[in-house]
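> Here's a structure for you.
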Amino acid sequence: MYFPSFPGVSGLLHVLAAHPKVVAALGIAATVALLLNPFPQQTGLGLSLHASSVERALTLAGRVDEDVVDRAQAMSDPTVMTHEQIVDAVGLALQKCGKGCSDLTPTTVLNDPELLQQALFVQALDQLAETRTKTRLRSIVAAE
C-alpha cells in the first residue's frame, strides 16, 4: 500500500514504529490486520489516528508498559547486531507486514538508516509480543 504523504516508502512502517505499544501487545501481523481493514480511512493520517486510539486503550488496560518499549529499543540497536541478524530481522518484519509494506524491499530498507531503525524496532517489538503470548499460554496450560 502506498501513502502519498510518505512518497516512495511504506507509511505503514512509520505508523507501526510510531505506535510501539500496539505492536508490542499484538505483534506485527495482528496490528497490520487491525489497521488495514476495509472500513477506516486508508490514509497515513487515518491509520495513525486509529493506531493512537488502540494504543491509548491498550495502555489504559495495562496490556503493555514502557519497559517493553525500552527493551525493544535496546534490542533494535544495529551496532550490536551482525549483518546477517539485521538482514534476517528486516526480512521478517517486511514479511509479517505483508501487503501493507509491499512497496518496500529489504534492500530499500537496508539502504535507508531511518527505515532500517524502524524495521528493526518493529521486529523487536514483535519478538517481545510473541514471547509474551507464549508465556501467557504456558501459564494457562500450567494452571489447568
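> Evaluate E = 1/(1 + (r/R0)^6) for Thr135 and Glu114, where r is the Cβ-Cβ distance and R0 equals 25 Å; express this FRET efficiency to the nearest 0.05.
0.20
> What number, in nm² with one decimal, is the all-direction average of the projected area of the convex hull of the alpha-carbon atoms of the chain?
With the hull built on Cα positions only, its mean projection is 9.3 nm².
> Now for a different question. Quick check on region 56-105: take the gyration tensor over C-alpha atoms, sort the square-rooted eigenvalues as a ≥ b ≥ c, and tell me if it's rounded (a/c under 1.5), prolate or oblate.
Oblate is the answer for region 56-105, as a/c is 1.5 or above yet b/c matches or exceeds a/b.
> Another question about this same structure. List Ile140, Ile86, Ile28 from most exposed to least, where exposure is judged by having the fewest other Cβ atoms within 10 Å.
Ile140, Ile86, Ile28
> Anything in the chain that counts as a DSSP H helix reaching 15 Å or more along its axis (C-alpha) with Kyte-Doolittle mean of at least -1.0? List them, would you?
Correct list, ordered by number: 44-60, 83-97, 113-143.
Bear in mind that the values in this text are calculations on the coordinates, not laboratory data. As the structure is a computational prediction, the values presented were derived from the model and not from experiment. When we count neighbours, we look across all protein chains shown, and the Cβ atoms used for this are built from the backbone with ideal geometry, even at glycine.
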